[in-house]
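> Submitted below is the structure of interest, expressed as structure tokens.
The values are calculated or read from the model by the stated rules, or taken from the named source; none is laboratory data. Treat the numbers as computed from the prediction; the structure is a model and nothing was measured. Cβ: placed from backbone, ideal geometry, glycine included. Neighbour counts: every protein chain shown. For accessibility, only protein heavy atoms count, side chains too; no ligands or nucleic acids. Shrake-Rupley method; radii C 1.70, N 1.55, O 1.52, S 1.80 Å.
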Amino acid sequence: MQHNLSAEAILTHLNPDCSLNRLQIFDVIDSTNTAAKRMAAEGAVHGTVVIAEHQTAGRGRLGRSFHSPDAKGIYLSVVLRLGCDIATAALTTPAAAVGVARAINRVTGLEPQIKWVNDVYLGGRKVCGILTEASMEVSGGVPAFLILGIGINVEQAVFPEELRPIVTAISEHTDAPLDRNELIAALLNELDILLSSLSSREFMEEYRFRSLLIGKEINVLRPDQTIPATAESINDDGHLIVRLEDGTLLTLSSGEVSVRLK
Ligand code: BTN
């Protein structure tokens, strides 16, 4: 498979003042999140970006794996030292979802949607997943670092049978040639802007605008039960507000929901 990710090519598209500019590119790695976490623990600075052509053990939320076919996607993790408290740091994931949507839009003109809390969708299927992990080392309520991991399916690839109905790649939605270096730079540029004013929560307006869930009938998926509800809105903390069938409102700060098929 042709490996054409290059720091030089990414840097040509990066804004000169983008702070996410310490690029480290690997042909193959277990997980960019695991590698970035190790580097951060050893002192890697804010803006270190670990990028791989292929992951052998890409990780998703809730202990799942993230399928990462060689040279077909963008698999990257950013070391963030934002110096903000945990409540503000929790906004990193929704801000990153907006950043991914903006970057895809900038490069392709497509209008991705966001499925709470951290998946980006094209044409009703998942094109990107985000896994944010915080350092266990917390001082004065401020985590020492965050690892923001993003996986985007760029070119069509063979996915495991069970994923095929639910995942997609950008190339399925556009005929335009896709340059992963340009897309990575667009993503880092957008993330840098969004993360520099995280506490303003201004991006939440766009998060709601791009939401796939608001107004839809959904199921709240709990380990022991499935609760039918309607997604009413998403507040400025990124929490999903749902109305249960008895009319009660429930605010969800994390978890998993699915859209109910009619
Ligand atoms: C999810 O959809 O559950 C989150 C998936 C996150 C995948 C990305 S790919 C780059 C980074 N490295 C990992 O091991 N995971 C994240």
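> Calculate, for the stretch 86-232, the solvent-accessible area per residue in square angstrom, rolling a 1.4 angstrom probe over the heavy atoms of the protein chains.
42
> Right, next: Per residue Cα convex hull volume for the stretch 114-262, in cubic angstrom?
With only Cα atoms used, the stretch 114-262 gives 170 Å³ per residue.
> Could you tell me the largest-minus-smallest coordinate of the C-alpha atoms of the stretch 194-262 on each of the three principal axes, in descending order and whole angstroms?
39, 23, 19
> Please identify every one of the GluC sites (Glu not before Pro) in the stretch 162-237 that sits in a loop by DSSP and has no more than 14 other beta carbons within 10 Å of its own beta carbon.
The qualifying sites are E202.
> Here's a follow-up. Net charge near T34: determine it from the other residues with C-beta under 14 Å of the C-beta of T34, scoring Lys and Arg +1 and Asp and Glu -1.
Overall, the nearby charge balance is 0.
> For the chain, what is the calculated [θ] at 222 nm in deg cm²/dmol (nearest 500), taking -39500 (n - 2.57) for each run of four or more DSSP H residues and dividing by its residue count?
After summing the helix terms and dividing by residue count, I get -7000 deg cm²/dmol.
> Separation of the stretch 132-166 and the stretch 38-89 by C-alpha centroid, Å?
So the two Cα centres are separated by 6 Å.
> Additional query: Classify the stretch 1-49 from the C-alpha gyration tensor, please: rounded if a/c falls under 1.5, else prolate or oblate depending on whether a/b exceeds b/c.
oblate
> Further question: Would you work out what percent of the accessible area of the chain, with all protein chains in place, is carbon or sulfur (probe 1.4 Å)?
50
> Once you place label points 7 Å from the Cα toward the Cβ at S6 and T56, how far apart are they in nm?
Once both label points are built, they end up 2.7 nm from each other.
> Rounding to the nearest 20 debye, state how big the charge dipole of the chain is about its Cα centre with +1 on each Lys and Arg Cβ and -1 on each Asp and Glu Cβ.
Taking the Cα centre of the chain as origin, the dipole is about 340 debye.
> Using the scaling law 2.2 N^0.38 Å as the reference, what is the normalised Cα Rg of the chain?
That ratio works out to 0.98.
> Under the classification rounded if a/c is under 1.5, otherwise prolate if a/b is larger than b/c and oblate if not, where does the stretch 100-143 fall, given a ≥ b ≥ c as square roots of the Cα gyration tensor eigenvalues?
Prolate shape, in that a/c is at least 1.5 and a/b is the bigger ratio.
> R22 label point, 7 Å along Cα→Cβ, cut-off 15 Å on backbone N: hits in the stretch 76-103?
77-83
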